[in-house]
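Asks: Let me give you the structure first, and then I'll get to my questions.
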Amino acid sequence: MHRVALAALFVVLAGACADPISTTPTTDGASDTLKIRCDGATTDVLTPTVQARSDGVPLVLENTSDHELFVQTEAQGDGVPPGETSMRLLILPGGSRFRCLEMSDDLDPGVEGGWARFDVLAPQGWVSPDVDCPGTSYQGVADHAKGARGVADPLEDALKHFREDGDEIVQAGYATNGERTIVLLRDGAPIAGLVYISDGHGGWLQSESYGCSD
């Protein structure tokens, strides 16, 4: 089972949210920021290897055209204005790709071609949020009333939901101001996970559960 929602997500950096939760020393030869330049016809990756931080991959995108472009990762896209835009990509470590396309009424995000590739190095202590189930899997989404208040500590709350002797519960994936993922490890491999989102008041609401059924 692969959690596409964590594979690629744009988060525009603004105000206090622009500060990372923590940083990771850069591996020799890797950039601490993914830098991309595009004009709608071509996409140039200026930093082919980038070191991810604990809260994602910082991106500085230079749109050299005089109009809005559509930018896209493997699983998500968004429009960006001319000039320089800073974002954060929640994209899993490994090989990835990115492209810019001309915005139009008949834009087809599934069109082939135009991709530029790059490699993402995992931050220190990285634990994958993905589970690889040999059999069946499950996934559920929780519904909360408007104004609901969450728990103070997602990790502590996850301990109440799943634990067996010999299992380990750890934070996995990227940790942002808006989302945290806690996974259950068995023999070092994730077999279940809980996703928590910020309630906007300093607490955390469980929003998603997933894992192996057997």
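Asks: Based on alpha-carbon centroids, what's the gap between the stretch 42-56 and the stretch 137-187 in Å, whole number please?
Replies: 28
Asks: Comparing Gly135, Gly83, Gly56, which has the greatest mean-square fluctuation in the GNM of the chain with Cα pairs linked when under 10 Å apart?
Replies: Evaluated over the chain, the most mobile residue of the options is Gly135.
Asks: Kindly list the residues of the stretch 121-160 that lie in the label zone of Leu185, defined by a backbone N under 15 Å from the point 7 Å along the Cα-to-C-beta vector.
Replies: 123-132
Asks: Still on this model: How much length is gained on full extension from Ala122 to Thr42, taking 0.36 nm per residue of separation minus their Cα-Cα distance?
Replies: Length difference between fully extended and current span is 26.1 nm.
Asks: Hey, another quick one. Take the Cβ-Cβ distance between Tyr138 and Ala75 as r, set R0 to 30 Å, and report the resulting FRET efficiency rounded to the nearest 0.05. Please report the intermediate quantities before stating the final value.
Replies: Values: r = 21 Å, r/R0 = 0.70.
For R0 = 30 Å, the calculated efficiency reads 0.90.
Asks: Only Cα pairs under 8 Å and at least 6 apart count here; give the relative contact order of the chain as a rounded whole percent.
Replies: 19
Asks: If neighbour count is taken as other Cβ atoms inside 10 Å, put Lys160, Lys146, Lys35 in order from fewest to most.
Replies: Sorted ascending by nearby Cβ count, the order is Lys146, Lys160, Lys35.
Asks: Cut-off 10 angstrom, C-alpha nodes, Gaussian network model of the chain. Which of Gly178, Gly77, Gly110 fluctuates the most?
Replies: Fluctuation is largest for Gly110.
Asks: Here is a further query. What does the C-alpha gyration tensor say about the overall shape of the chain? Classify as rounded when a/c is under 1.5, otherwise prolate if a/b is larger than b/c, or oblate.
Replies: Verdict is prolate for the chain.
Asks: Name the most mobile residue of Glu156, Glu112, Glu102, meaning the one with the largest mean-square fluctuation, in a Gaussian network model of the chain with Cα contacts below 10 Å.
Replies: Of Glu156, Glu112, Glu102, the Gaussian network model singles out Glu112 as fluctuating most.
Asks: From a point 7 Å beyond the Cα of Ser86 in the direction of its Cβ, which residues of the stretch 165-198 have a backbone N at a distance under 20 Å?
Replies: Answer for the stretch 165-198: 175-179.
Rule-based calculations on the coordinates, nothing more; no lab input. Source: prediction; values computed, not measured. Cβ: placed from backbone, ideal geometry, glycine included. Neighbour counts: every protein chain shown.
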